[in-house]
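A single structure is presented below for examination.
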Amino acid sequence: MWRATKLCATLLFALFSFLYLYCMQADLLACFQYILSDGLTSYSPLVGGLIITLLLVFLGELLAYACSLPTPFVALSYFPSAVLLAVISGGTPKSDGIGFAASGWTWVAVTAVVVGVCMLLLRKYASYIVQDKYRYTDSWPNALLFFLMFAFVGKVGNTNDRLHYQLKAESLLNDECYDEILEMRPGSTGMSPAFHAIRALALSQDQRLGEELFRARGLSGSSDLLVSEHEFLSCDSLEYKFYDFWGARPGKHLQQNPELFFQIILERNLCDSTRRKEVQDLYLSSLLLDRKIDQFASSVVKYYPLNDSLPRHYREALILYKRIRTAPVCVYENESLEENYNDYLTMSRNKVSAQEVQNKIRQSFGRTYWYYYNYR
């Protein structure tokens, strides 16, 4: 019975460890390996996940035979492996290396002491407790222990969505998989500026920047279109690849002024002619992100005819511009969008709490430029 229980415990831990490493932490571990090796080696999610899992299982097997824990508590022999798994995935990449939160180490230390004491006591007294007093079965104590161990790994390991989305986007950017970047759906979690910049680059590559830029939440201004120094975490060379598309790289004084940066590229023809339209969209989008709607209205006519071929967000911006200016420099007409904007205004004038109004507007118009202009 002990061997069968141990075999089940081994298979369960191995399955959890591999899936955790391969599906949840692959990009994080790839970043760690790049940092620790100074970019000399790369991490393979499949091979790395298998090797780490085999080593952790081997450690658990050694402890299982060395400690000879009673059958209902065989799962505890994998606790040191679970601690190592949590430590491996518990760091946070930084520009100067890898950092570990003090709270994570506290969890590890306290839990290790408690479990170590429990293992010593169980080795001496568990057979008496199990057989003579409570008559426990052999399966559910192990199941409960594994549940607690897996919860411990999830607690100590780095599961920050913001970080993981950025690392995944960086990996896809390095492989030039722009379609897969656009398929990422962060949900309501606020994303990092680097993620927004990578997404904007992917949208511009696919000629969709003016159609979908404001569908993402968490945009804060035109600075989301550029990546500052050391903002990429997984590979230093990504910064060069990112700016290679535009034929120029902003200095410190232009880093905080993306509008001027893209304008200089256009005026001096620094980018390849095949990418000029993409830079035009980035320039116009930078104006919209900074709510410079007057400058946008005077600039958009240089690059687009004022008809329904305009990208969606440009049309929304021009409808808004016409409504809030008494003497607009250009006028765009679209009956359907006019009706939508009227609905937007009607909803915004609803006499309920401001937060409730904003929530209702976000549900119906959260992916429009109107919502960004007024509420973000």
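The values are calculated or read from the model by the stated rules, or taken from the named source; none is laboratory data. Fair warning: this is a prediction, and the values are worked out from it, not measured in the lab. FYI the Cβ positions are ideal-geometry reconstructions off the backbone, even for glycines, and counts take in every protein chain you see. SASA here: full protein model, heavy atoms, side chains in, ligands and nucleic acids out. Shrake-Rupley method; radii C 1.70, N 1.55, O 1.52, S 1.80 Å.
Could you tell me which numbered condition His313 fails, if it satisfies all but one of (1) touching a residue at least 60 places away in the same chain (Cβ under 8 Å); (2) loosely packed, with under 13 Cβ neighbours inside 10 Å?
(2)
Name the single residue, out of those in the stretch 271-303 being acidic (Asp, Glu) and assigned to a helix (DSSP H, G or I), that is farthest from the chain's Cα centre (by Cα). Reasoning before the result, please.
Within the stretch 271-303, the first condition is being acidic (Asp, Glu), and the residues that meet it are 272, 278, 281, 290, 294.
Then keep just the ones that are assigned to a helix (DSSP H, G or I); that gives 278, 281, 294.
Working: Glu278: 25, Asp281: 25, Asp294: 34 Å.
The extreme case among them is Asp294.
Can I ask one more? Please list, ordered by first then second residue, the pairs with beta carbon atoms under 8 Å, 6 or more apart or interchain, first in the stretch 14-39 and in contact (Cβ under 8 Å) with a residue 24 or more places away in the chain, second of a type in the set (Lys, Arg) and buried (at least 19 other Cβ atoms within 10 Å of the Cβ).
Asp27/Lys168
Then there is this: Looking for whichever is hydrophobic (A, V, I, L, M, F, W, C) and modelled with pLDDT of 85 or more here; the options are Met149, Met119. Which one fits?
Being hydrophobic (A, V, I, L, M, F, W, C) and modelled with pLDDT of 85 or more holds for just one of Met149, Met119, which is Met149.
Report every pair of residues separated by at least 6 positions or lying on different chains whose Cβ atoms are under 7 Å apart, first residue within the stretch 329-349 and open to solvent by less than 80 Å² (accessible area, probe 1.4 Å), second assigned to a loop (DSSP other than H, G, I, E, B).
Matching pairs, first to second residue: Cys330/Leu306; Tyr332/Leu306; Asn334/Asp308.
Checking Leu225 against (1) in contact (Cβ under 8 Å) with a residue 40 or more places away in the chain; (2) farther than 21 Å from Ile265 by Cβ: exactly one of these is not met. Which one?
Every condition holds for Leu225 apart from (2).
Read through the list (1) in contact with a Gly (Cβ under 8 Å, 6 or more places away or on another chain); (2) modelled with pLDDT of 85 or more, then give the number of the only condition that Gly154 fails.
(1)
Specify which of the listed residues (Arg268, Arg217) is surrounded by fewer than 21 Cβ atoms within 10 Å (Cβ to Cβ) and either closer than 19 Å to Ala169 by Cβ or in contact with a Cys (Cβ under 7 Å, 6 or more places away or on another chain) (or both). First the steps, then the outcome.
Numbers: Arg268 fails: either closer than 19 Å to Ala169 by Cβ or in contact with a Cys (Cβ under 7 Å, 6 or more places away or on another chain) (or both).
Arg217 is the lone residue from the list that is surrounded by fewer than 21 Cβ atoms within 10 Å (Cβ to Cβ) and either closer than 19 Å to Ala169 by Cβ or in contact with a Cys (Cβ under 7 Å, 6 or more places away or on another chain) (or both).
Moving on to the next point. Taking Leu50 as meeting all but one of (1) modelled with pLDDT of 80 or more; (2) among the hydrophobic types (A, V, I, L, M, F, W, C); (3) farther than 30 Å from Leu233 by Cβ, write down the number of the exception.
(3)
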